[in-house]
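What follows is a short report on a single structure.
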Amino acid sequence: MPHIERTAHVRWDGNVARGAGLLDAASGAFAQLPFTLPSRIGTSGGKTSPEELLAAAHGGCITMSLAGVLSGAGTPPGHLQTTVTIHMDEVEGQGHQIVGAVVEFVVEADGVDDAALQAAVSEADDGCPFSALLKRAGATVDVSARLA
């Protein structure tokens, strides 16, 4: 795989408590995504947060990884539904930290039984750079899957 770089631009105005930011992708895939402290620690109010973006990035990565594993086994998926929840908590002496991710798959793939699915999910988790990054940082990554 070639060296990959992607860029996002962030603008923040004001202090952390009352300020607001906007996120833009250099690719143009998204623009002006609003985020604030309240959207990060409370109700989103239609705004995003760094943790939500991490959940989306991890979800995209591990879903592509699972699609690749299933396709390589000759059982390409018809449909994958993935939900990722990022957990941030207070860690003694370290402040707020990402402490875990929970990944849940619902899989439609002809010719796949539960044992083959669980093996594919484990391989996909092992092959996902976002899972590896979180684990190296000391976060847990809990992955589960069920057939649709």
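When the trypsin sites (Lys or Arg not before Pro) in segment 1-79 are filtered for DSSP coil states and for at most 10 other beta-carbon atoms within 10 Å of their beta-carbon, the remaining sites are ARG6, ARG18. In this calculation the C-beta distance from ARG146 to MET64 is compared with R0 = 25 Å, giving a FRET efficiency of 0.80. Note on segment 1-85: along the principal axes its Cα atoms extend 53, 30, 16 Å, ordered by decreasing extent. Picking from LEU22, ALA101, VAL91, whose Cα lies most toward the positive end of the charge dipole for segment 15-148 (charges on Cβ: Lys, Arg +1; Asp, Glu -1)? Checking the options against the dipole of segment 15-148, the answer is LEU22. Spin-label model, ALA115/VAL16: points 7 Å from Cα along the beta carbon direction are separated by 5.2 nm. In plain terms, the residue of GLU5, GLU104 with the fewest other Cβ atoms within 10 Å comes first and the most crowded comes last, giving GLU5, GLU104. Measure off 7 Å from each Cα along the Cα-to-Cβ vector at GLU108 and ALA73, then give the distance between these two points in nanometres to one decimal. Once both label points are built, they end up 1.9 nm from each other.
Normalised by 2.2 N^0.38 Å, where N counts its residues, the alpha-carbon radius of gyration of the chain equals 1.19.
Placing unit charges on the Cβ atoms only, positive for Lys and Arg and negative for Asp and Glu, gives the chain a dipole magnitude near 580 debye about its Cα centre.
Return the FRET efficiency for the residue pair VAL99, ASP126: r is the Cβ-Cβ distance, R0 is 25 Å, and the value is rounded to the nearest 0.05.
On the way: r = 21 Å, r/R0 = 0.82.
The calculated FRET efficiency here is 0.75.
Stretched out fully, how many nm does the piece from PHE30 to ARG136 gain, at 0.36 nm a residue minus the Cα gap? Show your work: numbers first, answer last.
Details: separation 106, 0.36 × 106 = 38.16 nm, distance 2.86 nm.
Separation in residues times 0.36 nm, less the Cα-Cα distance, equals 35.3 nm.
Please compute the alpha carbon radius of gyration of segment 41-124, then divide it by the globular-protein estimate 2.2 N^0.38 Å. Two decimals is fine. Kindly include the intermediate steps, with their values, before the conclusion.
Working: Rg = 15.8 Å, N = 84, 2.2 N^0.38 = 11.8 Å.
Working it through for segment 41-124, the quotient is 1.33.
Bear in mind these aren't lab numbers, they're just calculated from the coordinates by the rules spelled out. Note that the coordinates shown come from a computational prediction; the quantities given were computed from them, not determined experimentally. Positions of Cβ are generated from backbone atoms using ideal geometry, with glycine treated the same way; all protein chains shown enter the neighbour counts.
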